[in-house]
Amino acid sequence: MTGRRPARPAVTVRDATLADVDAVLGLVVAVAGEGRWISVEAPVDVEGRRRRIVEDVEGDDTIALVAEAGGELVGQLDLRLARYGVADLGMLVAAGWRGRGVGTALLAEGIERARAAGAHKLALQVWPHNAAAIALYERFGFRREGLLRRHYRRRSGELWDAVIMGLPLD
Ligand SMILES: CC(C)(COP(=O)(O)OP(=O)(O)OC[C@H]1O[C@@H](n2cnc3c(N)ncnc32)[C@H](O)[C@@H]1OP(=O)(O)O)[C@@H](O)C(=O)NCCC(=O)NCCS
């Protein structure tokens, strides 16, 4: 008996390849459609987003990882490495796979990859209402470094705050 938590399936994290681009795009479109978690909003500029994913997979300054579980691609993480040593993090997990360790597996690998690439710090922005993401980041040692107030205009016209979080690696 493991309580009410869903079982944790085996999760494999690996580098994204060009063969993953459509699946990653599908994840981004689906999570954008949820409307509350990521900066990308529906309707997604699919061709523009596809180009960006290809650039991430092929680019030397980006670490692009995917997570597979149950034979499906269920999550992705990207880290853009700035010249000044900070790696900017973005990640998402398919709605049906959340709360089962996929984000943990992706982030653990992402942090090690950023360190190995010579980054001295990880940085990200997250909506203040995204309790699951903030809890995950804090569990890995990220701290809140600031708040951007009424900073991002959504397509609805609303202005959303964003929490800035950072994780020093040095
Ligand atoms: C944020 C996200 C990536 C986390 O991925 P995940 O696979 O659900 O994370 P895990 O299952 O590994 O959970 C790790 C920790 O996150 C926290 N967490 C996860 N879901 C949570 C929830 N609903 N409420 C509060 N904390 C939660 C817990 O601390 C959990 O640790 P525990 O399992 O020891 O309790 C996922 O929820 C997601 O993709 N959300 C939509 C997109 C998004 O928000 N991306 C980040 C934008 S900044």
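The values are calculated or read from the model by the stated rules, or taken from the named source; none is laboratory data. Because the structure is a prediction, the values reported are computed rather than measured. Virtual Cβ from ideal backbone geometry, glycine too; neighbours counted across all protein chains shown. The protein model used for the area step is the full one, side chains on, heavy atoms only, and it has no ligands, DNA or RNA in it. Shrake-Rupley method; radii C 1.70, N 1.55, O 1.52, S 1.80 Å.
Using only the Cα atoms, work out Rg/Rh for the stretch 83-144, with Rh taken as the Kirkwood radius, to two decimals.
Here the Rg-to-Rh quotient is 0.96.
Going by accessible area, probe 1.4 Å, with all protein chains left in place, what is the ranking of VAL163, VAL13, largest first?
VAL13, VAL163
Run the 1.4 Å probe and let me know the accessible area of SER156, rounded to the nearest 10 Å².
Using a 1.4 Å probe on the heavy atoms, I get roughly 90 Å².
Using DSSP to call loops (not H, G, I, E or B), can you name the trypsin sites (Lys or Arg not before Pro) in the stretch 81-128 whose Cβ has at most 10 other Cβ atoms within 10 angstrom?
Within the stretch 81-128, the qualifying trypsin sites (Lys or Arg not before Pro) (loop, at most 10 other Cβ atoms within 10 Å) are ARG83.
Taking the Cα centre of the stretch 30-146 as origin, work out the dipole magnitude from +1 charges on Lys and Arg Cβ and -1 charges on Asp and Glu Cβ, in debye rounded to 20.
About 420 debye.
Based on the alpha-carbon set only, what is the convex hull volume of the stretch 25-111 divided per residue, in Å³?
Per residue, the Cα convex hull of the stretch 25-111 comes to 103 Å³.
Ignoring ligands, DNA and RNA, what percent of the 1.4 Å accessible area of the chain is carbon and sulfur?
The computed percentage sits at 50.
Pick from GLY33, GLY75, GLY110: which is most flexible by mean-square fluctuation in a GNM of the chain where alpha carbon atoms under 10 Å apart are linked?
GLY33
How large is the accessible surface of TRP37 in square angstrom, using a 1.4 angstrom probe and rounding to the nearest 10?
70
Accessible surface of GLU58 in the full protein assembly, 1.4 angstrom probe, to the nearest 10 Å²?
Approximately 120 Å² for this residue.
Once you put a point 7 Å from the Cα of ARG36 and another 7 Å from the Cα of GLU58, both along the Cβ direction, what distance in nm separates them?
Using points 7 Å along Cα→Cβ, the separation is 3.8 nm.
How long is the gain from ARG51 to ARG98 if the chain were fully straight, where each residue apart is worth 0.36 nm and the alpha carbon distance is subtracted?
Length difference between fully extended and current span is 14.3 nm.
Would you kindly state how much longer the chain becomes between ASP170 and ALA116 on full extension, computed as 0.36 nm times their sequence separation minus their alpha carbon distance, in nm to one decimal?
Taking 0.36 nm per residue and subtracting the Cα distance, the gain is 18.3 nm.
Could you rank ASP45, ASP60 by how accessible they are, 1.4 Å probe, largest area first?
ASP60, ASP45
For the pair ARG143/LEU18, report the inter-label distance in nm, with labels modelled 7 Å from Cα in the Cβ direction.
Between ARG143 and LEU18, the label points sit 4.4 nm apart.
Run the Debye formula on the Cα coordinates of the chain, all scatterers equal and no solvent, and tell me log10 I(q)/I(0) at q = 0.13, 0.16, 0.19 1/Å.
So the normalised log intensities work out to -0.65, -1.01, -1.42.
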